[in-house]
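The values are calculated or read from the model by the stated rules, or taken from the named source; none is laboratory data. Because the structure is a prediction, the values reported are computed rather than measured. Methodologically, a virtual Cβ is constructed for each residue, glycine included, from the backbone with ideal geometry; neighbour enumeration extends over all protein chains shown.
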Amino acid sequence: MMRLFSLDQARENVGIAVDALRVSKLRSGLTILGVVIGVATVMTMATIVKGIRDQILNTIKVAGPTTFYVMKIFSTTPVNPDQLPAYIRIRPNLTDAEAQRLQQLPQIGYAAIWSQIQARLSYGGTRTREIIVFGADDRYQEVQGGELIAGRWFTKAELKSGAPVVVLQQRHARQVFGQLNPLEKQVQIGGRPVQVVGLYQEPENIFAPSGQEVGAIMPFEFTDHAYHIDKTNALFISVKPKPGVSVTDAEDAVTVALREMRHLRPADRNNFDLLSQDQILNVFMSITDVFFLVMIVLASVALMVGGIGVMAIMMVSVTARTREIGIRKALGATRRDILFQFLIEAATLTGIGGVLGVALGLAAGRGVTMLMNVPADAPLLQTAIAVAVSVGIGLVFGVLPARRAAKLDPIEALRYE
């Protein structure tokens with residue numbers, strides 16, 4: 001019976017709180033604004049971060065968790081090739097001969113040197129903005145995922161001779177060709193004519209932000225002699241272990257082979273870097289963690305301001321309702337009843353702010369992720385936490401005014417005008 005009484009009392013106090021909100025809409029609205037902003041910020045960032053992380057994991061799965069890369073230098077930000085530090089300058093560039101040597105290792109199923117450039121795609125006076133163009137081979141799809149939807153990949157002869165042929169990403173092909181069939185037609189990539197032999201649909205990829213989508217794949221030999229390649233940042237060897245060989249064993253075998261080819265002594269440090277999918281994942285996770293932490297701090301400030309506002313409005317409410325409190329006490333309400341009433345009111349105030357903030361934050365996060373072309377689901381755990389935190393703020397900041405109301409002397413309260 002006691003539990004039923006408490007639930008009924010809670011429902012009654014929630015009703016009183018809602019009535020109080022109706023009486024002073026502007027004051028209550030301004031009070032919960034800080035809570036709304038804080039919770040909305042948290043939810044917006046939670047939605048964006050969750051969408052990005054899901055895309056990262058999807059990309060890792062597409063490329064295969066065992067794929068790793070040999071690079072001249074790994075840096076989270078590209079280094080200026082014209083002003084290289086001495087420790088990078090002394091590192092030799094990667095070569096096709098090294099990739100061929102790695103391909104022969106018993107632990108390695110695939111190894112090939114790739115390049116990456118940025119260029120415009122044009123045909124008949126129509127051109128795209130700058131897109132990413134890979135110099136790779138006929139097994140590009142095996143490493144990067146996606147699907148060849150028309151035409152073919154490169155022949156061995158085309159790869160060896162560096163023939164001017166290209167497999168276009170479908171969306172960019174449609175952009176310059178319209179309704180025309182692009183197969184066997186010539187396009188200009190970076191001002192050079194190449195023949196379209198295939199159409200490719202790439203998987204959704206978080207590593208290709210808007211304006212830097214992969215638009216074309218050409219034979220590496222062709223890109224090597226036809227374009228300028230930043231051999232510090234945009235030249236790498238893609239490696240996949242054989243089935244049954246762990247990434248660690250494959251990386252050890254690659255490290256030993258490259259050190260032998262580069263005549264490094266046991267005391268010498270590696271003059272190349274290995275980048276695994278786990279490292280890529282860790283880099284992006286650390287970036288999103290820092291980003292999310294900053295947003296949490298900013299949101300906490302907004303929530304703190306909202307909490308102080310709640311405390312102030314509840315203090316005003318206690319003063320304005322002194323006579324009401326005296327009447328309730330005269331009718332038998334205990335200090336605990338009064339304390340409970342005002343705590344529920346404070347929690348209701350911030351709870352409403354929390355719900356509004358969640359709705360606003362989810363809508364904003366959804367809008368941003370749509371603009372980023374990143375599908376994202378609602379972060380359910382963060383949603384529940386956000387609402388709970390907002391209610392908790394009401395309880396914490398509502399304690400002082402609730403205690404003040406509970407301590408009012410009933411006789412003095414009834415005399416209050």
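Observations
- Extreme residue, nearest to Val196 (Cα to Cα), among residues of the stretch 223-248 that are in a helix (DSSP H, G or I) and in contact with a strand residue (DSSP E or B) (Cβ under 7 Å, 6 or more places away or on another chain): Thr223
- The residue that is surrounded by the fewest Cβ atoms within 10 Å (Cβ to Cβ), counting only those in the stretch 160-201 that are more than 19 Å from Arg127 (Cβ to Cβ) and charged (D, E, K, R), is Glu184.
- Considering residues of the stretch 323-336 that are modelled with pLDDT of 70 or more and β-branched (Val, Ile, Thr) only, the residue surrounded by the fewest Cβ atoms within 10 Å (Cβ to Cβ): Thr334
- Residue list for the stretch 104-121, restricted to those being of a type outside the set (A, V, I, L, M, F, W, C), more than 17 Å from Val194 (Cα to Cα) and not in a strand (DSSP E or B): Gln104, Pro106, Gln107
- The stretch 265-291 residues that are of a type in the set (Ser, Thr, Tyr), paired with ones that are at pLDDT below 85 and in a helix (DSSP H, G or I) (beta carbon under 7 Å, 6 or more apart): Thr288/Val49; Thr288/Ile52; Thr288/Arg53
- Among residues of the stretch 101-134 being closer than 21 Å to Val187 by Cβ and over 28 Å from the mean Cα position of the chain (by Cα), the one that is surrounded by the most Cβ atoms within 10 Å (Cβ to Cβ) is Leu121.
- Yes/no for Gln201 being at pLDDT below 95 and more than 17 Å from Ile131 (Cα to Cα): no
- Filtered residue count, the stretch 240-267, keeping only those that are surrounded by 14 or more Cβ atoms within 10 Å (Cβ to Cβ) and β-branched (Val, Ile, Thr): 4
- In the stretch 128-165, the residue that is farthest from Pro182 (Cα to Cα) out of those that are out of contact with any Pro (no Cβ under 9 Å at 6 or more places or on another chain) and among the aliphatic types (A, V, I, L, M) is Val143.
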